[in-house]
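Before any comments, here is the structure.
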Amino acid sequence: MIEYNRYSWWQTTFSLHGTALPRASTRVLIFTIYATLLQWAFETGLNFGWIDSQHFLGLDPVGHAVLGSLLGFLIVFRMNASNARYWEGRSHWGQIINSSRNLVRLGSTYTSDARELAGLVAGYVLTLERSLQGHRDVEAADVYLPTAVCQSISQFGNPPTAVAAAISTWIADRHRAGEIDSWMVRQMEEQLSKLVDSQGGCEKIQKTPMPFAYVVMVKQLIVAYLLTLPIVLCDRCGWWSPMLMAVVSLGLFGMEEASVEIEDPFGIDDNCLNMHAFCLTITRDTGQLAKAAVKRRLPVSS
């Protein structure tokens with residue numbers, strides 16, 4: 001996720017990092033060269049008298065405008081669908097942050113020492129981050145997790161599930177020890193269930209891509225529109241048509257590429273969610289909650 005100054009209009013306008021231009025530049029160049037060659041063919045045909053029709057190749061501009069309107073509608077729908085997935089992913093991580101704080105807050109208030117719980121919660125979110133990025137290791141979380149939990153993760157196809165089970169075991173152990181009652185167990189398990197529900201929501205986004213048929217149709221219409229655009233422009237705009245082709249193709253390819261990038265909000269691209277920052281926030285807050293509770297219980301020396 002790129003942090004930027006929303007009030008700096010010029011700096012944002014002329015930014016290159018994080019935009020779709022690097023990925024779309026090759027396609028924009030190809031279609032600009034195509035428009036230039038077509039314009040040269042049109043001008044050459046006029047000079048030698050090969051072209052005497054009013055419109056090059058007889059393409060009706062009205063029909064092309066209708067195609068452009070349809071394409072614009074489909075691209076806007078594509079962008080809205082991708083943005084909805086992005087915002088849903090951010091909402092799930094917001095719930096993960098809140099539930100992590102609440103779980104450790106309850107544990108640190110009603111048990112003698114919740115530092116192990118804070119470590120389990122930190123390990124949970126770190127393994128979830130790695131899992132959403134396609135990894136099954138616990139390299140980032142082994143500092144916070146007990147050795148037994150790290151060993152049990154290898155038996156699970158989904159590492160965060162193993163850590164969630166360890167959190168439930170921690171709650172059950174405190175209940176058997178008499179530190180928390182059944183009502184508090186329900187409260188803590190409710191927060192843990194919200195964590196697991198948010199995990200499931202993130203995995204739903206990750207494992208359910210946009211329908212292939214729809215994605216292909218948008219790409220095919222973009223190509224069809226850009227292949228016919230110079231035919232409409234060459235008679236009306238002359239040698240300005242390659243420049244117009246560059247601008248229009250950049251807009252179409254840029255919007256489509258931006259939709260592709262945010263379709264999976266848990267990736268490693270520049271505009272994906274900064275899950276590492278979310279994990280650091282949870283690790284910091286839960287650790288401070290557990291540590292502060294321990295300090296409050298220490299006897300004050302006279």
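The values are calculated or read from the model by the stated rules, or taken from the named source; none is laboratory data. Computed from a prediction, not measured in an experiment: that's the story for all the values here. All Cβ positions, glycine included, derive from the backbone under ideal geometry; neighbour counts span all protein chains shown.
Determine, yes or no, whether GLU43 is among the acidic types (Asp, Glu) and at pLDDT 90 or above. The answer is no for GLU43. Taking each residue of region 98-124 that is within 14 Å of LYS291 (Cα to Cα) and looking for partners that are among the small types (Gly, Ala, Ser) and part of a loop (DSSP other than H, G, I, E, B) with beta-carbon atoms closer than 7 Å, six or more apart or interchain, yields VAL104/ALA114; GLY107/ALA114; SER108/ALA114. Here the helices (runs of 4 or more DSSP H) wholly within region 55-163 that include at least 2 residues being within 18 Å of the chain's Cα centre (by Cα) are 61-110, 115-132.
Condition first: among the aliphatic types (A, V, I, L, M) and at pLDDT 90 or above. Can you find one or more residues in region 254-261 that meet it?
No: region 254-261 contains no residue that is among the aliphatic types (A, V, I, L, M) and at pLDDT 90 or above.
Within the bounds of region 136-149, is there any residue that is touching a Leu at 6+ places or on another chain (Cβ under 6 Å), closer than 18 Å to GLY287 by Cα and buried (at least 22 other Cβ atoms within 10 Å of the Cβ)? Yes: region 136-149 contains one or more residues that are touching a Leu at 6+ places or on another chain (Cβ under 6 Å), closer than 18 Å to GLY287 by Cα and buried (at least 22 other Cβ atoms within 10 Å of the Cβ).
Only a single criterion out of (1) assigned to a helix (DSSP H, G or I); (2) touching a residue at least 12 places away in the same chain (Cβ under 8 Å); (3) surrounded by fewer than 18 Cβ atoms within 10 Å (Cβ to Cβ) is not satisfied by SER198, namely (3).
I'm trying to understand the selection: among the residues of region 111-133, which are among the aliphatic types (A, V, I, L, M) and touching a Cys at 6+ places or on another chain (Cβ under 8 Å)?
Hits for region 111-133 are ALA122, VAL125, LEU126, LEU128, LEU132.
Scanning region 233-245 finds no residues that are assigned to a helix (DSSP H, G or I), at pLDDT 85 or above, over 30 Å from ALA122 (Cβ atoms) and among the aromatic types (Phe, Trp, Tyr). When SER69, SER91, SER53 are checked against the criterion of being modelled with pLDDT under 75, exposed (fewer than 15 other Cβ atoms within 10 Å of the Cβ) and either within 24 Å of GLU256 (Cα to Cα) or hydroxyl-bearing (Ser, Thr, Tyr) (or both), SER53 stands alone in meeting it.
Please enumerate the residues belonging to region 202-214 that are surrounded by fewer than 17 Cβ atoms within 10 Å (Cβ to Cβ) and either in a helix (DSSP H, G or I) or of a type in the set (A, V, I, L, M) (or both). Passing the criteria: LYS204, LYS207, MET210, PHE212, ALA213, TYR214.
In a residue-by-residue description of region 278-299, the property of being surrounded by fewer than 13 Cβ atoms within 10 Å (Cβ to Cβ), more than 25 Å from the chain's Cα centre (by Cα) and touching a residue at least 12 places away in the same chain (Cβ under 8 Å) applies to at least one position. Sub-6 Å Cβ pairs linking a first residue in region 136-152 that is closer than 11 Å to LEU126 by Cβ to a second residue that is surrounded by 15 or more Cβ atoms within 10 Å (Cβ to Cβ) and of a type in the set (A, V, I, L, M), at least 6 apart or interchain, are VAL138/ILE153; ALA140/LEU126; ALA141/LEU126; TYR144/ALA122, ordered by first then second residue.
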